[in-house]
Amino acid sequence: MPRRVAQMFVDTLVDAGVTRVWGLPGDSLNAFGEAMRTDGRLEWMHVRHEEVAAFAAGADADITGGLAVAVGSCGPGNLHFINGLFDAHRNRTPVLAIASHIPLDQIGSGYFQETHPQELFRECSVYTELVSDASQLPWVLENAMRAAVEHSDVAVVVVPGDIFYAEAPDRRPSAPIRAARPVVIPQEEDLRAVADLLNASQRVTILAGAGAAGAHDEIVTLAGRLQAPIVHALRGKEHLEWENPYDVGMTGLIGFSSGYRAMLKADVLLILGSDFPYRQFYPEDATVIQVDLRGEQLGRRTALDVGLVGDVRPTARALTPLIAEGRNSRHLDAALKHYRRAREELDDLATDDGKTPIHPQYLTRLVSQHAASDAIFTADVGSPTVMAARYLEMTKARRLVGSFNHGSMANAMPQALGAQAEDRGRQVIALAGDGGLSMLLGDLITATQANLPIKVVVYNNSSLNFVELEMKAAGLPTFATDLHNPKFAEVATAMGLTGIRVEDPADLEAAVVRMLATEGPVVLDVVTAREELSLPPAIEAAQARGFALWALRTVMSGRGDELLDLADTNVWRRLTDRKGRKHSRT
């Protein structure tokens, strides 16, 4: 019996080390699904929404470092991929999307469910191609897979359903497709030029991001030689925060004042593997040196004095011996002192003051405190990401995954599903907003059906909380941000998960412990304070004016109780903290 194209796809994926695919079946995928069923080597991760499949595949690839696969049927089916694929594209995770298509002879006729996937996905992928004849195989599939793993990006192969049934060409396949691991180091004269600049400086600050993965020890050693504080971008947190005596926290809109200040006071800013996008947080007068593996990213966020193309780890290792020893530590000492003060002020907010609703800082601290040392965390965009950035303590083995570049809502639960698939015995915790979870709520069922024991912590503040904060900063009364939520714990129980609801802070720690000890998937539904402020490290005059204008408009619109809630939740706590009030710590 001749081998069909669908079987060729299965064989090629298995040879490349793929063990599962994420998606939903559909008639244009029937041949592929049947090949999977009869072959038996690939696990079908059945989700309820294709957006979840794409998010899950992105997180799967992020955690394993290997190629992950999402499959979707023609038209509306694979169209649902778009948001999750954009997220994987911007997170630079290797995902292959197999988008089936309408019958080949109907393309261009306005046929039922017709779209043009190769055009739709072009902006969120490094490679997109339509297979219009079986003779294009296996090359199109291999090209897509190779592009995905070599660029660490999304590749899309569009296949009409009838092509899957066609006889596969009798060609010798390539060797199994795996990512190459080249080591890129700048030329020695360029390294020496950078060393000369660093040696002539008095106040060096390092900013490191996702490109610092695997380079923790080398960056810490370099920072020690330079006596430089290390600031991390959000995606650098998991790689640099732990066991780092030079850490001064994060910068950016949800960062620390200490991270912002350490960059502002630098005479040289050394950027290592970061594409931190917010130009207003870069120093205006410092000499800027940037190291990045992707040369096209050099200088696109701030003006550069020197740009080097190279891997961060070997570049930092090669640069360290060129740095003169015996530097003074005044800049570092000042930065660390500021960080200790900033960290103490943040920690003072993460306590149980006995009030309801529960403070989200306290919730996050308890989750971090009781989670496993190798736990994987995912965080929804908005308030959960703020809490994760400020209160999750990372270790060498912990991971943090989120939509930190694309900024999509509803990412945390689907990404937790993807992160859990490789090792169902590892602790995976989703920090979910009530708005985000509601968007793709149906896929909680996937956790039970696919035996994925994720733990979902819901920050239930009955609002689009971060959107409200943005409105306040713009001087606008909050509008259309209310969420009339169900009791998520009861919804979870109805879906076959364990549901736990907490409204009293006195019950919270025991509930967190119970959640983490429970076998199978759990939803911990915590009623949290709506009026919690997440202040940026530097407040511009326009933002201050915006808050004042919001307060005036809020009172004039008859909603003064909202202003009192804001003061009760934030102002009085901060004032009493600064007067030395003692909090009971659990």
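The values are calculated or read from the model by the stated rules, or taken from the named source; none is laboratory data. Being a predicted model, the structure only gives us computed values, none of them experimental. Cβ placement follows ideal geometry from the backbone for every residue including glycine, while neighbour counts extend to all protein chains displayed. Ligands, DNA and RNA are excluded from the accessible area calculation, which covers all protein heavy atoms including side chains. Shrake-Rupley method; radii C 1.70, N 1.55, O 1.52, S 1.80 Å.
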Subset of the range 107-127, residues more than 30 Å from residue 149 (Cβ to Cβ) and open to solvent by 60 Å² or more (accessible area, probe 1.4 Å), comes to 108, 109, 110, 111, 112, 113
Of those in the range 248-281 that are over 21 Å from residue 380 (Cα atoms) and of a type in the set (Phe, Trp, Tyr), the residue least open to solvent (accessible area, probe 1.4 Å) is 281
Scanning the range 417-446 residue by residue, those in a helix (DSSP H, G or I) and more than 20 Å from the chain's Cα centre (by Cα) turn out to be 442, 445, 446
Would you call residue 314 within 28 Å of residue 91 (Cα to Cα), open to solvent by less than 40 Å² (accessible area, probe 1.4 Å) and in contact with a helix residue (DSSP H, G or I) (Cβ under 6 Å, 6 or more places away or on another chain)? no
Residue 92: passes all of (1) open to solvent by less than 50 Å² (accessible area, probe 1.4 Å); (2) under 25 Å from residue 211 (Cα atoms) but (1)
Note on the range 354-368: residues touching a residue at least 40 places away in the same chain (Cβ under 8 Å), out of contact with any strand residue (DSSP E or B) (no Cβ under 8 Å at 6 or more places or on another chain) and open to solvent by 10 Å² or more (accessible area, probe 1.4 Å) are 354, 355
With respect to residue 304, is the statement that it is farther than 17 Å from residue 229 by Cα, touching a strand residue (DSSP E or B) at 6+ places or on another chain (Cβ under 9 Å) and outside any strand (DSSP E or B) true?
yes
From the option list 16, 6, single residue qualifying as out of contact with any Cys (no Cβ under 7 Å at 6 or more places or on another chain) and open to solvent by less than 10 Å² (accessible area, probe 1.4 Å) is 6
Checked the range 21-53 for anything outside any helix (DSSP H, G or I) and either open to solvent by less than 20 Å² (accessible area, probe 1.4 Å) or free of Cβ contacts under 8 Å to residues at least 12 places away in the same chain (or both); matches are 21, 22, 23, 26, 40, 42, 45, 47
Counting only residues in the range 151-169 that are touching a helix residue (DSSP H, G or I) at 6+ places or on another chain (Cβ under 8 Å) and assigned to a helix (DSSP H, G or I), the one most open to solvent (accessible area, probe 1.4 Å) is identified as 165
